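Asks: First, the structure itself, so that you have it in front of you.
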Amino acid sequence: MPLLAKRFCTFLFLSALWHSSCFHVPLRSSSNLRRPMSTAPVRRSSRFATSVGDGAGDADPTVNNLMKENRELKAQLAAALMRKPKMSEEYEGGETLYCESDDECVVDSPYEDSTRDRGKWLVGLLVLQSCSSFILSANEALLQKHPAIIYFLTMLVGAGGNAGNQASVRVIRGLALGTLTPKNQNAFLRKELATSCTLAVLLSTAGFIRAMLFKVPLPETLAITLSLFSIVFFSIIFGATLPLLLKSLGVDPAHSSTSIQVIMDILGVVLTVVVSTLFLDSPFGEAVVYRLVG
């Protein structure tokens, strides 16, 4: 029994000595207990470095997972600190950035600058929109002779404004989110060109059916259908290109959503008058209608 106890004590002593040599923690005597430990970095042994240092060899999975989570948390914290703006931060030009959260921020311009910028744009569009009245007065004889054109004029102009505004909003959203760049701009415009043809056919077909249901004469129905096709086609083209044009000129592309409405009001009236004159008051239109009607 004493021999067994002696061997057990020897085993405990050797185990403690081995652990202290692995971690290189010197045994402190009673004479230096009050002396502060050195702040120099402790050199790890090769066995300890293999287990937790680089995650290689016979690494402990628990230690590696903790170190991996620690690195991920540090990266997330650094990204959050870089991304998170102040609740109210002043910028050049008097604009203020208000943020209720990391993902909800609003840039607010001063009242005077915002009112002046929006007001002058709206007044200019109001003056420009008056041109449609001059076009209608210049073609008063055509409209009196074919009053069905007047009944469908609101539908024609409204369809052009809606289609153009829809295309304009798509471009503005792409510019704001960064998904529309100079690299993919040409591909996007080609896609909008194909979309304009498809939507023009779809809406003109719907307009033709509506005119037939209201028992509009065939010549006026053809004029309305072709007018609707041309209005929708050009409105989508202008709606897709106008924000890009304003951006290249240094103007806020957001103004294109209101500008396209006025542009298509005027262009819609012009296209309706031109197509109606071509089909209803010209030898070419009379020949086409005669062949269709028989």
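Asks: Return the equivalent ellipsoid semi-axes of segment 114-205 as a descending list in whole Å, where each equals the square root of 5 times an eigenvalue of the C-alpha gyration tensor.
Replies: Over the Cα atoms of segment 114-205, the semi-axes work out to 32, 22, 10 Å.
Asks: For segment 194-265, with all protein chains present and a 1.4 Å probe, just round the carbon and sulfur fraction of the accessible area to a whole percent.
Replies: 78
Asks: Over all directions, how big on average is the projection of the convex hull of the alpha-carbon atoms in segment 163-208, in square nanometres?
Replies: Computing the convex hull of the Cα atoms and averaging its projections yields 3.3 nm².
Asks: What are the semi-axes of the equivalent ellipsoid for segment 210-294, taken as the square roots of 5 times the Cα gyration tensor eigenvalues, largest first, in whole Å?
Replies: Values for segment 210-294, descending: 35, 12, 9 Å.
Asks: Right, next: Show log10 I(q)/I(0) for segment 187-241 at q = 0.16 Å⁻¹, two decimals, from a solvent-free Debye sum over equal Cα scatterers.
Replies: Values returned for q = 0.16 Å⁻¹ are -0.48.
Asks: Same structure, new question: Which three extents, in whole angstrom, do the alpha-carbon atoms of segment 137-294 cover along their principal axes, largest first?
Replies: 55, 30, 26
Asks: Leaving out ligands and nucleic acids, note down the accessible area per residue over segment 194-289 with a 1.4 angstrom probe, in whole Å². Spell out each step's value before the answer.
Replies: Numbers: 4320 Å² over 96 residues.
Normalised by residue count, the accessible surface of segment 194-289 is 45 Å².
Asks: In whole Å, what are the extents of segment 249-294 along the principal axes defined by its C-alpha atoms, from largest to smallest?
Replies: Extents along the principal axes: 54, 15, 15 Å.
Asks: Grab the other residues whose beta carbon is less than 15 angstrom from that of A240, score K and R as +1, D and E as -1, and report the net. If you can, show how the numbers build up before the last one.
Replies: Details: positive: R170, R173, R190, K191, K247; negative: E192.
Neighbour charge sum, excluding A240 itself: +4.
The values are calculated or read from the model by the stated rules, or taken from the named source; none is laboratory data. All figures in this text were calculated on a predicted structure; none of them were measured in a lab. Every residue, glycine as well, gets a Cβ built from its backbone with ideal geometry; the counts of neighbours run over all protein chains shown. Surface accessibility is based on the protein's heavy atoms, side chains included, excluding ligands, DNA and RNA. Shrake-Rupley method; radii C 1.70, N 1.55, O 1.52, S 1.80 Å.
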